[in-house]
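The values are calculated or read from the model by the stated rules, or taken from the named source; none is laboratory data. Values in this document were obtained by computation on a predicted structure and should not be read as measured data. Counting neighbours? That spans all protein chains shown, and the Cβs are built from the backbone with ideal geometry, glycine included.
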Amino acid sequence: MAFITNVYQNKRTHYLNGNPGTESLSEKGLNICWTSSQLPVGPSPLVLTGPSGSGKSTLLKRLMDEFQDCFGFSISHTTRKPRAGEMNGREYHFIAHNEFETSIERQEFLEFTQFSNNYYGTSKKAVKDVQNSGKICILDVEIEGVKNLKKTDLNPRFVFIKPPNMDELETRLRGRGTESEEAIQKRLKRAIDELQFAESNGVFDLMIINDSIDDAYNELKQFIVQDINALKFSRGM
């Protein structure tokens, strides 16, 4: 059974350094974040994160399949290689390191992070495209992305997906058959840090322990149903 902790607050607006429209540029090679003042006003985005292997991608797919008219997925950019079954422009935009770094210099990302020598980032354009369509934008980001998105004025709703325990997470990662032993150990170590952050910082509006994908999905859907109904009402549906 999936267990849920709902710490949702009705209004959450975050500005970088207390002022909308400002910019922050960290030291070269570290994370970067610009506020979203140039983004159009639209429904609050839904941000999902959790350790690799927690099941967040499966939950996102089910949500998108059931509510195709309500949600649009912000497709992230990454420099890692595609896994089996992944398609460029569907799961990720797969690009070269030099392309990603050029986009950083051009300030094209809302947020980005680096893990295992690969970049992951959310472009401003990806979010704009979804908002312009009148849909709720879904973002699948790393913890660093969550930290950066909280500094924007997008007013997202943050959901953390937890594995039932570390043994189960390791089983899921090994079951993929796509990771080296070194990569698995890195992901497990990172998962511990992610779980500690999620449980100690009060960042997330919702935390779900995914020990049953059906139960976890029902909890997620229950959490977002008000936003879905509000969107449908605004369209006269």
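Applying the set (1) assigned to a loop (DSSP other than H, G, I, E, B); (2) surrounded by 16 or more Cβ atoms within 10 Å (Cβ to Cβ); (3) at pLDDT below 95 to D69 leaves exactly one unmet item: (2). Residue check: D153 meets all listed conditions (1) outside any helix (DSSP H, G or I); (2) farther than 28 Å from S133 by Cα but one, namely (2).
I need every pair where a residue in region 46-62 that is in a loop (DSSP other than H, G, I, E, B) has its Cβ under 6 Å from the Cβ of a residue that is charged (D, E, K, R), sequence separation at least 6 or different chains. Short answer, once both residue conditions are applied: G50/K56; P51/E194; S52/R187; G53/R172. The C-beta contact set for region 133-151 (first residue touching a residue at least 40 places away in the same chain (Cβ under 8 Å), second residue among the acidic types (D, E) and surrounded by 24 or more Cβ atoms within 10 Å (Cβ to Cβ), distance under 7 angstrom, 6+ apart or interchain) comprises V141/E111; G145/E111; N148/E111; L149/E111.
Taking region 176-221 as the range and being of a type outside the set (A, V, I, L, M, F, W, C), assigned to a helix (DSSP H, G or I) and in contact (Cβ under 8 Å) with a residue 40 or more places away in the chain as the test, the residues that pass are R176, K186, R187, R190, D193, E194, D215, Y217, N218, E219, K221. Filtering region 143-172 to residues that are crowded, with 16+ Cβ neighbours inside 10 Å, among the aliphatic types (A, V, I, L, M) and modelled with pLDDT of 95 or more leaves V159, I161, L169. Right, S52: of a type in the set (G, A, S), at pLDDT below 90 and buried (at least 21 other Cβ atoms within 10 Å of the Cβ) or not? For S52, the condition - of a type in the set (G, A, S), at pLDDT below 90 and buried (at least 21 other Cβ atoms within 10 Å of the Cβ) - is not met.
Take the conditions (1) at pLDDT 90 or above; (2) crowded, with 20+ Cβ neighbours inside 10 Å; (3) closer than 20 Å to R62 by Cβ; S74 misses just one of them, which is (1).
Residues of region 85-122 that are out of contact with any helix residue (DSSP H, G or I) (no Cβ under 7 Å at 6 or more places or on another chain), outside any strand (DSSP E or B) and surrounded by 11 or more Cβ atoms within 10 Å (Cβ to Cβ): E86, R90, E91, I95, H97, E99, F100, E101, T102, S103, I104, Q107. Of all residues in region 180-214, those satisfying the criterion of being crowded, with 16+ Cβ neighbours inside 10 Å and either more than 18 Å from the chain's Cα centre (by Cα) or basic (K, R) (or both) are I184, R187, L188, R190, D211.
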